[in-house]
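Engineer: If you scroll down you'll find the structure; I have some questions about it.
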Amino acid sequence: MSSKILLRYDVNLSSLISISIFIVNKSISCFGLQVAGVEYFDVLYGTRAKINIYNPMVKNNSKDLSASWIQINKIIKAGVADGIGAGSWVYPSYSCDKFARFHVAWVDGLKTCPDHDCGTFVQVSSSVGIGGKLKPVSVYKGPQYMIDVTIFKDPMTRHWWVAYGPQNIHIGYWPREIFHFMKDECNYALWGGYVQGPTASSDSPQMGSGHFASEGLGKAAFVRNIEILNKENKYVIPDDRKFGYVATNLSKYTANSYVDGHSHFGVHTYYGGPGGFV
């Protein structure tokens, strides 16, 4: 039986969310950020999940982005955090088109480095293109497509890795030396979507499928089979006492979450919304 998790977003938490998300454009304030998905507050060493891929609508001239994403962070306090993440961005001003593309990113609290922008990500496999177009993409009320993404710490080298696909192809890593706080472990994770940019809070992009979480399978975007990596280097279901959903603007984007380790969806969330496209 699935169990729905209660909403955990509150005003005090918003400051943590704003520094946890990867702010690619430094001119964007935290007020240009909206989040919907599920989050986890406890020690972890990685996560893996299946991310549903859509092409949400983002206006070409807005400099906004819409992400379907998983990430892990070490948060010390508001404004002080390290983190890594991976997933899909639709970001016209960055990629010069409106297609969902696979991206990775690292943040150290002072700067954000998507893909290879800062020279910190060491790519070891060319079989997965960083920044590559994701296809096919899901269709509302039609076929649904996913990507398998894993981000984790290697217990031997202590580097932070990204793996892709059902074959768990190790794409590359961020050396542990570049992190201030995340050398050994994380204490926060997020799965779901976010939109960000100069008009993300006013003339907002779509998130996910562009439809609210309540529409469910085939209509709302999802992240499913969510697991975390524990200190024994084993993937386990998140403790539901430390796990809940977040939605920072319920009029534009919603989220829900379910804990069901026995279904083929496992722990999962539906999230998204139309933003300003209503």
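The values are calculated or read from the model by the stated rules, or taken from the named source; none is laboratory data. This is a predicted model, so every value here is computed, not measured. Don't worry about glycine lacking a Cβ; one is built from the backbone with ideal geometry, like all the others, and counts go over all protein chains shown.
Engineer: For the subset of region 192-208 comprising residues that are of a type in the set (Ser, Thr, Tyr) and touching a helix residue (DSSP H, G or I) at 6+ places or on another chain (Cβ under 8 Å), which member is farthest from Val38 (Cα to Cα)?
Structural biologist: Within region 192-208, the match that is farthest from Val38 (Cα to Cα) is Thr199.
Engineer: Tell me, which residue of region 177-200 that is more than 30 Å from Val122 (Cα to Cα) and surrounded by fewer than 22 Cβ atoms within 10 Å (Cβ to Cβ) is modelled with the lowest pLDDT?
Structural biologist: Per the stated criteria, the residue is Thr199.
Engineer: Residues in region 84-103: is at least one at pLDDT 95 or above, of a type outside the set (S, T, N, Q), in contact with an Asp or Glu (Cβ under 7 Å, 6 or more places away or on another chain) and under 15 Å from Leu134 (Cβ atoms)?
Structural biologist: yes
Engineer: Please indicate, with yes or no, whether at least one residue in region 89-105 is of a type in the set (Ser, Thr, Tyr), on the phi < 0 side of the Ramachandran plot, touching a Leu at 6+ places or on another chain (Cβ under 9 Å) and buried (at least 23 other Cβ atoms within 10 Å of the Cβ).
Structural biologist: yes
A quick yes/no check of all residues on (1) over 23 Å from Ala81 (Cα atoms); (2) among the charged types (D, E, K, R); (3) out of contact with any Ser or Thr (no Cβ under 7 Å at 6 or more places or on another chain):
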residue	(1), (2), (3)
His170	yes, no, no
Gly197	no, no, no
Arg224	yes, yes, yes
Glu227	no, yes, no
Asn256	yes, no, no
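Engineer: Just to be sure I understand, how many residues within region 112-129 are in contact with a Gly (Cβ under 8 Å, 6 or more places away or on another chain) and within 22 Å of Ile53 (Cα to Cα)?
Structural biologist: 2
Yes/no matrix, rows are residues, columns are (1) surrounded by fewer than 22 Cβ atoms within 10 Å (Cβ to Cβ); (2) modelled with pLDDT under 55; (3) within 18 Å of Ile76 (Cα to Cα); (4) of a type in the set (Gly, Ala, Ser):
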{"position": "Ser14", "(1), (2), (3), (4)": "yes, yes, yes, yes"}
{"position": "Lys26", "(1), (2), (3), (4)": "yes, yes, no, no"}
{"position": "Asp42", "(1), (2), (3), (4)": "yes, no, yes, no"}
{"position": "Thr47", "(1), (2), (3), (4)": "no, no, no, no"}
{"position": "Ile51", "(1), (2), (3), (4)": "no, no, no, no"}
{"position": "Tyr54", "(1), (2), (3), (4)": "no, no, no, no"}
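Engineer: Taking Leu250 as meeting all but one of (1) part of a loop (DSSP other than H, G, I, E, B); (2) touching a Gly at 6+ places or on another chain (Cβ under 8 Å); (3) more than 30 Å from Cys118 (Cβ to Cβ), write down the number of the exception.
Structural biologist: (2)
Engineer: Any residue in region 176-190 that is assigned to a loop (DSSP other than H, G, I, E, B) and over 23 Å from Ala78 (Cα atoms)?
Structural biologist: no
Engineer: Now for a different question. Run down Thr150, Thr157 and say which single residue is hydroxyl-bearing (Ser, Thr, Tyr), closer than 20 Å to Glu185 by Cβ and either in a loop (DSSP other than H, G, I, E, B) or in contact with a Pro (Cβ under 7 Å, 6 or more places away or on another chain) (or both).
Structural biologist: One residue alone meets the criteria, Thr157.
Engineer: Can you tell me which residue within region 147-175, out of those that are surrounded by fewer than 18 Cβ atoms within 10 Å (Cβ to Cβ) and of a type in the set (D, E, K, R), is farthest from Lys74 (Cα to Cα)?
Structural biologist: So, considering only residues that are surrounded by fewer than 18 Cβ atoms within 10 Å (Cβ to Cβ) and of a type in the set (D, E, K, R), the one farthest from Lys74 (Cα to Cα) is Asp148.
Engineer: I would also like to ask the following. From the list Gly119, Gly131, pick out the single residue that is closer than 24 Å to Ala221 by Cα, in contact with a strand residue (DSSP E or B) (Cβ under 9 Å, 6 or more places away or on another chain) and either of a type in the set (D, E, K, R) or part of a loop (DSSP other than H, G, I, E, B) (or both).
Structural biologist: Of Gly119, Gly131, the one residue that is closer than 24 Å to Ala221 by Cα, in contact with a strand residue (DSSP E or B) (Cβ under 9 Å, 6 or more places away or on another chain) and either of a type in the set (D, E, K, R) or part of a loop (DSSP other than H, G, I, E, B) (or both) is Gly131.
Engineer: Among the candidates Lys219, Lys252, Lys234, single out the residue that is surrounded by 24 or more Cβ atoms within 10 Å (Cβ to Cβ) and either without any contact (Cβ under 8 Å) to a residue 24 or more places away in the chain or not acidic (Asp, Glu) (or both).
Structural biologist: Within the list Lys219, Lys252, Lys234, the selection yields Lys252.
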